[in-house]
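Bear in mind these aren't lab numbers, they're just calculated from the coordinates by the rules spelled out. None of these values were measured; they are calculated from a predicted model. Here the Cβ positions follow ideal geometry from the backbone for every residue, glycine too, while neighbour counts run over all protein chains shown.
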Protein chains: 2
Amino acid sequence: MIVSIIGSGAIGMFYGTLLIDAGEEVHFLCRSDYETVKEKGIFIESKLRGNKTFENIHVHKDSCDMPISDIVIVSLKTTENEKLLPVLLPPIVKKETTIVIIQNGLGVEADVAKLFPDQQIIGGLAFISSSKVAPGHILHIDHGNLSLGYFNHVNEQNIQTIVAKLNQQNIKVILSDDLNKLRWRKLVWNIAFNGMTVVLGCQTDKLMQSKDLIGLSKDIMEEVISGAKACGAELDVNLPSQMIQYTIDMPAYSPSMKLDYDHQRPMEIHYIYEEPIRIAKEAGYYMSKVDMLTKQLKFKQQFEY
Amino acid sequence: MIVSIIGSGAIGMFYGTLLIDAGEEVHFLCRSDYETVKEKGIFIESKLRGNKTFENIHVHKDSCDMPISDIVIVSLKTTENEKLLPVLLPPIVKKETTIVIIQNGLGVEADVAKLFPDQQIIGGLAFISSSKVAPGHILHIDHGNLSLGYFNHVNEQNIQTIVAKLNQQNIKVILSDDLNKLRWRKLVWNIAFNGMTVVLGCQTDKLMQSKDLIGLSKDIMEEVISGAKACGAELDVNLPSQMIQYTIDMPAYSPSMKLDYDHQRPMEIHYIYEEPIRIAKEAGYYMSKVDMLTKQLKFKQQFEY
C-alpha cells in the first residue's frame, strides 16, 4: 500500500513517520523542508514516545513525481486548500484512492468533494500537541489520538489497514460514522479559544483567570452546541463546563490560530469560523457571538499583518 | 440662582463657564485643578467660540465649603458616582435643588434617586468634542449642544432659566419628556464604538476601513435598537446606517472610553454596558454581542492596567 502525505507539517510528519514505523511505504510532499529532509531525514523529538530519526525518506518537491497512492493524507493548513489541492492531488489519485483529510474546521470534505466528486473521502481530526521547530524537526509534546469519520463510502480494507497500523503504534484511532458530530465537537473548544486568544492577545491561562472570559467562553461554546444541534449533531450539554475546567487545569497554551497570528501567517478563519456559521445559519441557527468573533478576527488579519 | 458644578472636567468647565457668561453665580468643585483654577481661573480654548479666560472663579476643594445650590450639575465620570455622590451632594442640596446629571450611559438617574429619593432630577447628554488638556484648561473642539430629559418632576423655573441662559450662549438645548429615549439613542453609537476601539486597539477610522467591522458595528447598533425597543424607546431603524456613514465621514476619533483605556483610567463599563444589558434583559431582550463586548472590555480592564 502506498501512502502519500500532502502537507508535511507537524501533523503530516508525525503520522507519516508512524506509518513508516508500521512498515508502510510513505511519500512526503515537502516544499521548504525538501533539502533538509532529503539529506537528514525527519527527526521526531518526543519525551512520550522517545526521539527517533527517520532516514532515506521518500521526499518529493512536486506531486507529479509522486506515485499514484492508495491513501492520500491531506494535512495542509486549510488556508491552502483552495489554491493547492486542485494542483497537487490529480497526479497521485486514482479512482480507488482514499483521501484522508486531517484538518480543522467544518466543510473541508464537502469542498474537496466539489473538486473531486467521485473520490473516496474520510475526514480526520488530530488530538495532538506538536509543532515543527525546524525543517524536518517535529517536537511532539503530548497526545496523538486520531478521530476519523466517513464522508462517503470508502475502500474499507485500505482505511482499516491504516487504523490497525496506527493502533500498533499505540495511537488510538476512532473510526466513526458521524463525521459531522466529530467535527462539531472539536469546534466547541476551537471556536472559543482560537479566536479569543488572538483578539485579546494572550494565552489560555490568562483568559481563565477572568470570570468574565470564563463566562464568555462558555457562552460561545453553548452557541456552538446549539449550532451543532441545528445541524443534527447532538453534543453533551455539559461539554462547556468540562472543557472550561480542562482549560483551567492545563498549562498556558497558544492554540494554532494564535501561533499563526503571532507569526503573521494566514489564520484558518474560513473553515473554523465562517463555514460553521454559514452551515448553522442555513440549518436555522445564528451563532451571534461566534459571528462577532469572526469579524474581529478578520479585522485583526486585515490590519495587523 | 446658585449653580454648582460637581466634576470639573471638560464638560463641567465648559457649561459652567457658559453660565458665568450668562450672568449666573457658578461654583466649581475642583480637586487636582484647585490651585491652578484659584490662581489663574479657567481657560477655554475654542476656535469655534473664541478663546476666553474666566478669572475669580468660585472654586472649592470640598463641597462642605460650597453654598446650598438651586441647580447642581453632576459631570463626574460615572465610575466615581457610587463613591463620591453620597459624600459630595448632601452639603449642597436642599429639597428644592434640581440635580442635573450630565453623564453617559443608562440608569445613572435611578441610582442617584436611590441615594436621594426625594430629590428633583434631570438627566442630560452632552454632544460635544472637548477635553481637558491641562489643569483649568479646556480645549473645545466642536459642537456643544445638550439634551436634557426629566427623570421626575422638577422646579420648572430653575431648569427653564438654565435652558434660556445656555440658548443665549448659542447652545441648543433640547428639554425632553423622554429621557429613556434620549439615553438609548446616544447609546447606539456609544456602545458600538467605545468598546470596539478599546478591544481592537484603534481609532474609529481604522474600524471603518474594514467591511467586517462596518458589519459588526451595525449588528451591535441593531441590538441596541432592539434593546431600546424592549424598554419602550422606539428609535429610527435607519440610525445604524446613518451613524456608520457619519463615522466613515468623520476624522479619526478616539471615544472617551478609548482615551480612558489609553491613559489607564477606569472605563465607564457599568453605565454604558452593564446597565443597558441588565435593563434590556429585564424587559425581555438579550443583547448578545453587547454582552460579549462587555466581557472583553472587563477582561481588558482587569489585565491590561
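Taking each DSSP H run with n ≥ 4 as -39500 (n - 2.57) and averaging over every residue of chain A yields -13500 deg cm²/dmol at 222 nm. Would you mind checking A:83/B:258; B:83/B:298; B:95/B:165 for any pair whose Cα atoms are more than 31 angstrom apart? Too far apart for the 31 Å limit: A:83/B:258. Largest mean-square fluctuation among B:139, B:48, B:29, in a Gaussian network model of chain B whose springs join Cα atoms under 10 Å apart, belongs to B:48.
Under 20 °C and 1.002 mPa s, how fast does region B:181-303 diffuse according to Stokes-Einstein, given a Kirkwood radius computed over C-alpha pairs? Answer in µm²/s, whole number.
On the way: Rh = 14.4 Å.
It comes out at roughly 149 µm²/s.
Listed by chain and number, the aspartates and glutamates whose alpha-carbon sits under 13 Å from that of residue A:52, ignoring those within fewer than 8 places in the same chain, are A:21. Take the protein assembly as shown, drop everything but the C-alpha atoms, weight them equally and run the Debye formula without solvent; then report log10 I(q)/I(0) at 0.05, 0.10, 0.11 Å⁻¹ to two decimals. Each listed q corresponds, in turn, to -0.32, -0.88, -0.99. For chain B, the longest principal axis of the C-alpha atoms and the axis of helix B:179-199 are separated by about 60°. Here is the P(r) of chain B: all C-alpha pair distances, binned every 20 Å from 0, give 33, 59, 8 in whole percents.
Charged neighbours of residue B:49, selected by a Cβ distance under 12 Å, balance to -1 (K, R count +1; D, E count -1). As a length-normalised measure over Cα pairs under 8 Å and 6 or more apart, the relative contact order of chain A settles at 16 percent. Counting neighbouring beta carbons within 10 Å and listing from fewest to most, the residues B:2, B:121, B:11 come out as B:2, B:121, B:11.
A cut-off under 14 angstrom between Cβ atoms defines the neighbours of residue B:166, and their net charge, with Lys, Arg +1 and Asp, Glu -1, is +1. Below 8 Å, C-alpha to C-alpha, sequence gap of six or more: please give me the relative contact order for region B:1-154 in percent. Once divided by the residue count of region B:1-154, the mean separation gives 25 percent. The C-alpha atoms of chain A define a longest principal axis, and helix A:156-168 lies at about 80 degrees to it.
What is the local net charge at residue A:3, summed over the other residues whose Cβ is closer than 13 Å to its Cβ (Lys, Arg +1; Asp, Glu -1)? That works out to -3. For helix B:239-249, what angle does its Cα long axis make with the longest principal axis of chain B, in degrees from 0 to 90 and rounded to 10? Result, in degrees: 80. Each residue of region B:135-150 is assigned a 3J(HN,Hα), and the resulting list reads x, x, 10, 9, 9, 9, 8, 6, 6, x, 5, 10, 10, 10, x, 5 Hz, derived from the Karplus form 6.51 cos²θ - 1.76 cosθ + 1.60 (θ = phi - 60°), x at Gly and Pro. Which of the residue pairs A:211/B:281; A:186/B:289; A:211/B:132; A:206/B:114; A:300/B:229 have a Cα-Cα distance greater than 30 Å in the structure shown? Among A:211/B:281; A:186/B:289; A:211/B:132; A:206/B:114; A:300/B:229, the Cα-Cα distance tops 30 Å for A:211/B:132; A:206/B:114; A:300/B:229.
Taking every alpha-carbon pair under 8 Å whose residues sit at least 6 apart, region B:65-154 reaches a relative contact order of 25 percent.
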